[in-house]
Amino acid sequence: MLIVPPAGMLKLIHRLVIEEEGEPGYMSEGMIEGCLERAITYVYDFKPFPTIIMKAAAIMYCIIVFHPFVDGNKRTAVLAVFFFLYYNGYKFTIPDDSVEFTIAIAEFKKSERQIAAWIHKNSRRSVRALMSNLILTVLYYIRLIP
């Protein structure tokens, strides 16, 4: 089961990022949910982002390029990918080049395919993350979490 963090979780991640440094607020609060929905959307049988890694790349691209927050979009995007992958059975190690890489995305120098390759290079399947996914799925289905 694919687990997509709700918009509220992205807002929380952003708030924590901004507490360290930055200016709070939204450029387009509705775009937060749009960034998540774009990654999981499909038309009939066509899925533009068929894999977990490609969905993560779409989330990262959207948050950075569509800029839903006043500040901290790149940092929020990296952490959103970290949690999205973790919930879906992957361990994403945030690499040392993440600052330069996210700046390149913001400058339209990286495509979603290049982002997916970068994420793939820095990710691996994780038994711990898979178990967390299983537990979250069970809790969801027995209605202990909304």
>> For the list (1) under 17 Å from residue 16 (Cα atoms); (2) surrounded by 23 or more Cβ atoms within 10 Å (Cβ to Cβ); (3) touching a Lys or Arg at 6+ places or on another chain (Cβ under 9 Å), I need the number of the one condition that residue 85 fails.
In response: (1)
> When the residues of the stretch 93-146 are filtered to those that are of a type in the set (Lys, Arg) and within 22 Å of residue 58 (Cβ to Cβ), which remaining residue is modelled with the lowest pLDDT?
Replying inline: 125
> Of all residues in the stretch 88-125, which are buried (at least 18 other Cβ atoms within 10 Å of the Cβ), assigned to a strand (DSSP E or B) and not hydrophobic (A, V, I, L, M, F, W, C)?
Replying inline: 90, 123
>> Test of understanding: among 30, 34, which residue is farther than 14 Å from residue 79 by Cα and loosely packed, with under 12 Cβ neighbours inside 10 Å?
In response: 30
> What's the number of the condition residue 132 fails, among (1) touching a residue at least 40 places away in the same chain (Cβ under 8 Å); (2) crowded, with 17+ Cβ neighbours inside 10 Å; (3) of a type in the set (Gly, Ala, Ser); (4) in contact with a Phe, Trp or Tyr (Cβ under 9 Å, 6 or more places away or on another chain)?
Replying inline: (2)
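The values are calculated or read from the model by the stated rules, or taken from the named source; none is laboratory data. What you are looking at is a predicted structure, and each value in this text was computed from that prediction instead of being measured. Virtual Cβ from ideal backbone geometry, glycine too; neighbours counted across all protein chains shown.
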